[in-house]
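Colleague: To start, I am sharing the structure in question, which I have written as structure tokens.
Please treat every number below as a calculation from the coordinates, not as lab data. Computed from a predicted structure; not experimentally measured. Because the Cβ atoms are built from the backbone with ideal geometry, glycine has one as well, and the counts that use them run over all protein chains shown.
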Amino acid sequence: MKPFIKERVLPLSLTAVILLIDQVTKALVVKVQPLHPARILDVFNNEFLILYHVRNKAIAFSLGENLPDAVKPVIFIIVPILVLGFLVWYYFKTNEFTVFQRWAAAGILGGGLGNMTDRIFRPDGVVDFISVNIYNLFGMARWPTFNFADSSVVVCCILLLISMFFFLKKPKEQKKEVNNEQKN
């Protein structure tokens, strides 16, 4: 397999998988679960994980919910499209990402596209359905309701940041070490 395909195109399969899982789970929730509070599914019968159908017309943690309707499309659709577009451009342009970082960026892209799809095609808002008990951490009994795309963005952002700051070397540094070892 050519290096370009292996290092840059193959990780985008994760983007497609996340987008697919996200949209399928949201479609199932919309089909079988009425909007909250009509029916709540307590997964483990201990209120740790509850599935219920809510809609978020804002962004993370319902930020911007009270903005004027004329401003919301700009902030919630156009700005994220520009950010995702920049991520795609940088993903292909840079040689600074390691393979691991490309996979993490592909996961962020998949989650971002999942929620963007909802913002564009679901006028009632982004479908959220996962509620987790966090036992009064940060003064909240439950974490704000989220979906698969949200999870992907958060987990992949954390992995990307950890890899950038703590663990993985930049590709140029890896190549220098290999060249130094070959000289010895």
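Colleague: Compute the acute angle (0 to 90°) between the alpha-carbon long axis of helix 12-32 and the principal axis of greatest extent of the alpha-carbon atoms of the chain; round to the nearest 10°.
Modeller: Helix 12-32 sits at roughly 10 degrees to that axis.
Colleague: Could you work out the longest stretch of the chain that avoids the trypsin sites (Lys or Arg not before Pro) located in DSSP loops with at most 15 other Cβ atoms within 10 Å?
Modeller: Longest run free of exposed loop sites: 40-168.
Colleague: Filter the chymotrypsin sites (Phe, Trp or Tyr not before Pro) in the stretch 27-115 down to the DSSP loop ones having no more than 16 other Cβ atoms within 10 Å, then list what survives.
Modeller: In loop regions of the stretch 27-115 (DSSP not H, G, I, E or B), the sparsely surrounded chymotrypsin sites (Phe, Trp or Tyr not before Pro) are F44, F48.
Colleague: For the stretch 108-163, run through the chymotrypsin sites (Phe, Trp or Tyr not before Pro) and keep only the ones in DSSP coil with at most 15 other Cβ atoms within 10 Å of their Cβ.
Modeller: Taking the stretch 108-163 and a limit of 15 other Cβ atoms within 10 Å, the loop chymotrypsin sites (Phe, Trp or Tyr not before Pro) found are Y135.
Colleague: Please list, ordered by chain and number, the residues whose modelled amide H lies under 5 Å from the amide H of H53; skip anything fewer than 5 residues away on the same chain.
Modeller: The answer is H36.
Colleague: Where does the longest stretch of the chain lie that holds no GluC sites (Glu not before Pro) found in a DSSP loop with 14 or fewer other Cβ atoms within 10 Å?
Modeller: That gives 97-184 as the longest site-free run.
Colleague: Taking only Cα atoms, what is the 0 to 90° angle, nearest 10, from helix 79-93's long axis to the longest principal axis of the chain?
Modeller: 20 degrees
Colleague: Can you give the convex hull volume of the alpha carbon atoms of the chain per residue, in Å³?
Modeller: 164 Å³
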